[in-house]
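Worksheet for the structure shown next.
The values are calculated or read from the model by the stated rules, or taken from the named source; none is laboratory data. Please read these numbers as outputs of a predicted model, since none were measured by experiment. FYI the Cβ positions are ideal-geometry reconstructions off the backbone, even for glycines, and counts take in every protein chain you see.
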Amino acid sequence: MPVIIHSKEIHPFLPSLGSPLAIDRTRAEQQDIRPLEIAIINLMADKISTERQLALWLGNTMLQVNLTFVATDSYLRAVAAGRQSKNTPADHIHKFYSAFSDISDKKFDGFIVTGVNALKDRVEQETFWPEVTDILQWTTTNAFSCLFLCWGAKAALKFFHDINSYKGERKLFGLFEHRLISDKTGLLFGFPDAFPAPVSRWKSPRREDILKVPTIEIVADSAEAGPNMLVESEPLDDNSGLFPRRVYILNHPEYETDTLGAEYHRDSAIHPDYPLPRHYFPGDDPSRAAPNLWRHTAHVYTNWVKALYASTPYAIEAIPHPSKVAEAAQARREVFVGS
């Protein structure tokens, strides 16, 4: 939670009021605490691992978060018709997942679109692309801030900015060093200037295409893996700073210690010439356990949750427009005075 400053002047030992880390007393008195509503449309085959990895960090604050797990309507219809998955039991889907059509009338503070086991050369060639585009369009009216991960990030870049992703000659697979380039919203607060992060993907957008879109900020870049954390920000109506409207993360800060190793051992059992994950196993020896050198980078998720709390309107029906924040605050004041 941000510290409260009793003056609108910039304190010499605290961030300016343009930072989400500090707010003035007047604004603090108008803030109410309610659980944040965050939905995850989980496109991954191993849904349980993805749920665990993301929920661990989304819940790593003092704030209450209501998580809603969502699947596409076509996926849930297939499961209801008897489709079996070797990765996620159908009973788990029945118990814990909602169809997108069942939550499409709701508003959310945060919305996450995960990666997927992509089979086609282009994101728009996937069979579920029409459903994904409907969901992405829906976020413009029903979600305050969106977090797009791996394939989800490539899909969102294509949908919102017509930025294509291209398949490389070999898979980007391993632990790659990233550098902090720019961070206007403070999404990477607490990060060192250089940090490792797991990467596992075939397709990537090109840096030159990203740079053509002035609204996209390259927050973290990698000499080997390319731009990996991108942010589109918008100003809050009260001029207290920027909030991350859309976040595109092409790497996997949430990966657990053995995730890359398990992926390698699984695929190399089928394809003996499957390449080792780069910079991961000590001495490139897959028989040796890899140390976790990137755990702290998953704080990007907790920083995002904090940014949601600091920016989203208390009246959830005011989402997604920041201009509604002041209106909601005034309504709360009137209710308080009237009571």
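Worth a mention:
- Elements of type helices (runs of 4 or more DSSP H) in region 19-91, at least 1 residues being modelled with pLDDT under 90 and closer than 30 Å to Lys184 by Cα: 25-30
- Listed by first and then second residue, the pairs linking a residue in region 49-74 that is more than 18 Å from His299 (Cα to Cα) and in contact (Cβ under 8 Å) with a residue 12 or more places away in the chain to a residue that is crowded, with 18+ Cβ neighbours inside 10 Å and aromatic (Phe, Trp, Tyr), with Cβ atoms under 8 Å apart and 6 or more places separating them unless they lie on different chains, are Thr68/Phe108; Phe69/Tyr97; Val70/Tyr97; Val70/Phe100; Ala71/Tyr97; Ala71/Phe100; Thr72/Phe100; Asp73/Phe100.
- Residues that are surrounded by fewer than 17 Cβ atoms within 10 Å (Cβ to Cβ) and closer than 20 Å to Tyr255 by Cα, drawn from region 201-212: Trp202
Residue-by-condition table, conditions (1) under 30 Å from Thr312 (Cα atoms); (2) buried (at least 23 other Cβ atoms within 10 Å of the Cβ); (3) in contact with a Lys or Arg (Cβ under 7 Å, 6 or more places away or on another chain):
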| site | (1), (2), (3) |
| --- | --- |
| Leu230 | yes, yes, no |
| Asp237 | yes, no, no |
| Glu254 | yes, yes, no |
| Ile270 | no, no, no |
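- Residue satisfying all of: in region 147-186; over 19 Å from the mean Cα position of the chain (by Cα) and acidic (Asp, Glu); modelled with the lowest pLDDT among these: Glu169
- When residues of region 219-254 are limited to those that are in contact with a helix residue (DSSP H, G or I) (Cβ under 7 Å, 6 or more places away or on another chain) and among the acidic types (Asp, Glu), the one modelled with the highest pLDDT: Glu254
- Residue ID - surrounded by the fewest Cβ atoms within 10 Å (Cβ to Cβ), chosen from residues in region 153-200 that are of a type in the set (S, T, N, Q) and touching a helix residue (DSSP H, G or I) at 6+ places or on another chain (Cβ under 9 Å): Asn164
- The lone exception for Ala307 - which of (1) aliphatic (A, V, I, L, M); (2) within 16 Å of the chain's Cα centre (by Cα); (3) surrounded by fewer than 22 Cβ atoms within 10 Å (Cβ to Cβ) it fails: (3)
- In this structure, Gly261 does not satisfy being at positive phi and either at pLDDT 95 or above or part of a helix (DSSP H, G or I) (or both).
- Residue within region 281-295 that is part of a helix (DSSP H, G or I), modelled with pLDDT of 90 or more, touching a Pro at 6+ places or on another chain (Cβ under 8 Å) and surrounded by fewer than 18 Cβ atoms within 10 Å (Cβ to Cβ) present: yes
- Those residues of region 240-272 which are polar (S, T, N, Q) and free of Cβ contacts under 8 Å to residues at least 40 places away in the same chain, in sequence order: Thr257, Ser268
- When region 152-204 is filtered for residues that are of a type in the set (Phe, Trp, Tyr) and not in a strand (DSSP E or B), the ones remaining, listed by number, are Phe159, Phe160, Phe189, Phe191.
- Where Ile210 falls short, out of the listed (1) touching a strand residue (DSSP E or B) at 6+ places or on another chain (Cβ under 7 Å); (2) farther than 20 Å from Asn292 by Cβ; (3) in a strand (DSSP E or B): (3)
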